[in-house]
Amino acid sequence: MEKAVGSPSLGCSYPQKNAEILSSQYGINLFLAGLLLTFAWAVHAVGISKSHLLSYLITLMLIQLLWMLWYLCRSCTQRRLIRDKDTHAGARWLKCGITLFAVITLVLDSFKIGYYIDFSNCLSPTEGIFPVTHAVHTILQVYFLWCHAKDIIQSFKTLERFGVIHSVFTNLLLWTNGVLTESKHQLNEHKERLITLGFGNITMVLDDHAPQCNCTTTTLCSIFSQGIYYLYPFNIEYHILASTMLYVLWKNIGRKVEHHQQHKTLFKFHGITVGMIFGLIILTSTIAIVVVYLIQIGRSKIKSELALTMFYLHAIFVLALMCTAGIVALLIYRLEDRSLDNSKNPARKLDAELLVGTAAGSWLLSWGSILAIICAQAHPKYTWYNLPYSILVIIEKYIQNLFIIESIHREQEKVNDDIKTLRIVTISRGNTLSLTPLYKEIYNDRATRADGEVPYLFKGSICGRENGGSAAKEETSHENSSVMHSGSDFSFCSRNSVTNHKRRILKNIAAFLFLCNLSLWIPPAFGCRPEYDNGLEEIVFGFEPWIIVVNLAMPFSIFYRMHSAASLFEVNCKT
């Protein structure tokens with residue numbers, strides 16, 4: 001009987017499981033074809049030009065636009081139907097973040113259009129069509145994610161799986177294209193910096209695919225060409241965030257959701273002043289370091305060495321503080337006895353996997369630097385600072401990943417339903433009582449309360465529960481009764497005070513680490529990359545092999561910092 005009952009549901013799951021497998025394979029092949037085309041263009045393969053790559057990307061974006069329009073139209077006709085939502089997916093702060101990156105991406109597209117107009121004599125028409133299509137794609141995709149990122153699709157599931165996974169890998173290919181374009185632009189600059197440091201044996205010829213004609217307006221061309229590469233970091237973050245949100249939507253297709261009350265997580269500045277102040281100091285100093293670094297590096301050998309030394313010392317100090325803060329937070333967790341939430345949650349699972357997966361990029365670079373320092377025959381003085389820096393990068397990510405993953409898996413603290421309003425009862429002259437509101441922390445909309453008693457604190461004020469029906473009786477009670485209850489009441493207030501103190505420390509740590517991760521995202525995103533500039537790794541591994549390693553690992557390292565900042569923002573709201 002059990003087999004007979006279980007077989008229909010088991011059989012019904014086969015088509016959907018097959019659709020999931022088929023759609024994922026479709027997406028992977030779509031991505032691999034685009035990746036190979038991108039690589040062929042980068043190495044000047046015979047018969048492959050930039051117009052072929054852009055045509056492929058334009059086609060993918062147009063297909064995604066058609067699917068999103070169809071989904072939006074179908075959702076509009078079914079707007080009266082009640083749909084399941086994944087409350088963990090598509091948080092409002094995440095939507096605001098992707099909107100900010102999308103706006104800057106639109107500025108980037110406008111610069112590309114202006115660049116094409118100035119060089120229209122020698123550029124392919126696809127280079128003008130691409131930014132226009134990309135701008136339309138960006139606007140519609142952001143609107144789609146704002147409205148439907150939380151959807152749990154239960155109809156047309158097979159078709160929707162292919163549509164969503166197509167969107168995921170389209171964004172990944174656009175991310176790859178942005179990473180490659182931005183990396184190729186910086187290689188020539190890094191080669192010049194290495195020459196100033198005395199590494200003159202680098203003979204690799206680099207090519208940035210510059211147009212083979214003159215610009216019609218020299219000033220505008222300079223603004224557009226320089227501005228484009230300063231905006232690419234935001235474009236890269238936009239596409240990787242969009243792909244992760246769409247991936248969660250794909251994983252949620254056909255999912256059965258347990259309906260239970262969700263606590264709203266709101267960000268509040270109250271109680272995190274210390275963490276914010278220290279974090280802002282780190283952020284401000286990092287921006288100053290990056291500005292000085294970009295001005296000094298490549299000017300002369302002495303200035304370049306000073307810039308590298310300054311960067312390493314600042315980074316070592318920041319990473320040491322982050323390690324200390326993470327250890328303190330983990331110790332607080334060890335002192336608490338709270339269970340972990342192991343319920344199925346695609347968004348949370350993806351967050352944890354991305355943290356560990358993208359951290360591997362930084363770990364690869366750090367171990368490369370450590371190995372280069374050990375194996376190198378000559379060691380300029382500034383390269384020794386790279387050793388503690390690389391070790392701290394590895395340790396800090398270990399600690400931070402553990403803190404974030406445990407934080408997002410911890411169950412939110414349950415509060416007794418009968419605790420609605422907290423008040424202070426002050427005992428005056430032993431027999432006169434006055435009720436003074438301290439603060440209210442209301443957890444639902446019900447105004448009724450469970451029966452309870454108002455405890456008193458011996459020799460002063462108390463932290464207890466107010467009962468509307470018993471308030472008058474408690475006002476006429478004698479001081480002796482307050483003395484009898486003082487022990488248990490003091491214990492209750494003491495435990496509550498300790499818990500609040502721990503929460504305040506954790507919130508300050510999360511706020512501090514949030515700003516620190518933003519600070520550490522800025523240097524590599526805007527060209528401050530000592531992995532390129534110190535030259536020791538190029539001598540040990542060779543210029544071309546090390547550049548390949550850095551270009552592969554650096555995008556993951558940059559994304560790790562932004563993703564960690566987003567996760568820590570969520571931790572701060574949840575704590």
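Things to note:
- Looking only at segment 497-524, and only at residues there that are in contact with a Leu (Cβ under 9 Å, 6 or more places away or on another chain) and not hydrophobic (A, V, I, L, M, F, W, C), the one that is modelled with the lowest pLDDT: Lys502
- Flag if Val136 is of a type in the set (Val, Ile, Thr), closer than 26 Å to Thr219 by Cα and open to solvent by 20 Å² or more (accessible area, probe 1.4 Å): no
- Evaluation of Ser55 against (1) outside any loop (DSSP other than H, G, I, E, B); (2) within 30 Å of the chain's Cα centre (by Cα) (one fails), failing number: (2)
- Unmet criterion (only one of (1) open to solvent by 10 Å² or more (accessible area, probe 1.4 Å); (2) more than 20 Å from Trp363 (Cβ to Cβ)) for Trp521: (2)
- Among the residues of segment 553-574, none qualifies, meaning not one is open to solvent by 20 Å² or more (accessible area, probe 1.4 Å) and either without any contact (Cβ under 8 Å) to a residue 40 or more places away in the chain or not in a helix (DSSP H, G or I) (or both).
- Any hit, segment 260-279, residues being at pLDDT 70 or above, in contact with a Leu (Cβ under 6 Å, 6 or more places away or on another chain), closer than 30 Å to Phe317 by Cβ and part of a helix (DSSP H, G or I): yes
The values are calculated or read from the model by the stated rules, or taken from the named source; none is laboratory data. In this text, all values refer to a predicted model and were calculated from it rather than measured experimentally. Reconstructed Cβ throughout: ideal geometry from the backbone, glycine too, with neighbour counts over all protein chains shown. Side chains included, ligands, DNA and RNA excluded: accessible areas come from the protein's heavy atoms. Shrake-Rupley method; radii C 1.70, N 1.55, O 1.52, S 1.80 Å.
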